[in-house]
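Inspection log for the structure reproduced underneath, given as structure tokens.
The values are calculated or read from the model by the stated rules, or taken from the named source; none is laboratory data. Keep in mind it's a predicted model, so treat the numbers as computed, not measured. Heads up, the Cβs are rebuilt from the backbone with ideal geometry, glycines too, and the neighbour counts pull from every protein chain shown. Surface accessibility is based on the protein's heavy atoms, side chains included, excluding ligands, DNA and RNA. Shrake-Rupley method; radii C 1.70, N 1.55, O 1.52, S 1.80 Å.
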Amino acid sequence: MTRFFLVRHGVTDWIEEEKLHGISDIPLSVYGRNQAKLTAQTFLEINIDRMYSSSLKRAMQTAEEIGKVTSVQTESVDGLMEMNYGWMEGTRDYWPSIKGKPILIMLNTLSRLISGALAGESFKKFNRRVVQSWKKIVAENPSGTVVLVAHSGVLRAILANEFGGNPVYDKKYVLTTCSITEIIGEKNGQMKLVKVSRDSHLPKDIVI
């Protein structure tokens, strides 16, 4: 059996400014660092065997804080980077103002996908590289406890691959910053979803 903890990275200045960053390599803000430190504390009593992270700064910095507590080195994985949104990188991210509005979410997502396909990365290509990276990590860890630090889009793609649903629109895969999602990998290859987006360890003044 393998226990997987999927951690979304902490807040960045661009998140606080409601700017969209996919492949843009923006580091954690001061608040994001504090979030990462609080998240790291939840692993104090857990014996972590391996830790993987997207190679982008905001994920690596989150993983580094967890590494300080667990003494586990972070293995950087390019395949876990967020989607490249093309010309929409650095523009306003409308997600905070359209949450709970299905039609607006659909239109906003469509704009991202078109921008990515024409100027960055298509969703099909993004999903393929994420799932390939995930399957490799699963194969490398038939037992033990594994932490994986990445981005909202990446983690949603993993969850949809394992448990079905739409990684873009499905409400059950909404993940807040520095939240923890737990999955159990059984010996027969089946995956069990234990908890999605646990963020009770974080203050509620900024939950994005």
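Tabulated data
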item: Number of the condition not met by LYS57 [criteria: (1) open to solvent by less than 50 Å² (accessible area, probe 1.4 Å); (2) under 25 Å from VAL130 (Cα atoms); (3) not polar (S, T, N, Q)]; result: (1)
item: Test: LYS68 is farther than 14 Å from VAL147 by Cβ and either open to solvent by 60 Å² or more (accessible area, probe 1.4 Å) or at pLDDT 95 or above (or both); result: no
item: Pair list, Cβ under 9 Å, 6 or more apart: region 4-18 residue more than 14 Å from VAL149 (Cβ to Cβ), other residue among the acidic types (Asp, Glu); result: TRP14/ASP93; ILE15/ASP93; GLU17/ASP93; GLU18/ASP93
item: Spans of helices (runs of 4 or more DSSP H) in region 10-86 with at least 1 residues of a type in the set (Lys, Arg) and under 15 Å from the mean Cα position of the chain (by Cα); result: 57-70
item: Scan of region 146-165 for residues that are open to solvent by 10 Å² or more (accessible area, probe 1.4 Å) and over 19 Å from THR109 (Cβ atoms), ordered by number; result: GLU162, PHE163
item: Failed item, numbered, when SER97 is tested on (1) among the small types (Gly, Ala, Ser); (2) open to solvent by less than 50 Å² (accessible area, probe 1.4 Å); (3) modelled with pLDDT under 90; (4) on the phi < 0 side of the Ramachandran plot; result: (2)
item: Matching option when the condition is modelled with pLDDT under 95 and under 13 Å from the mean Cα position of the chain (by Cα), among LEU104, LEU155, LEU175, LEU202; result: LEU175
item: Some residue of region 81-92 being modelled with pLDDT of 95 or more and open to solvent by less than 20 Å² (accessible area, probe 1.4 Å); result: yes
item: Selection within region 100-124 - surrounded by 13 or more Cβ atoms within 10 Å (Cβ to Cβ) and closer than 17 Å to LEU175 by Cα; result: ILE105, THR109
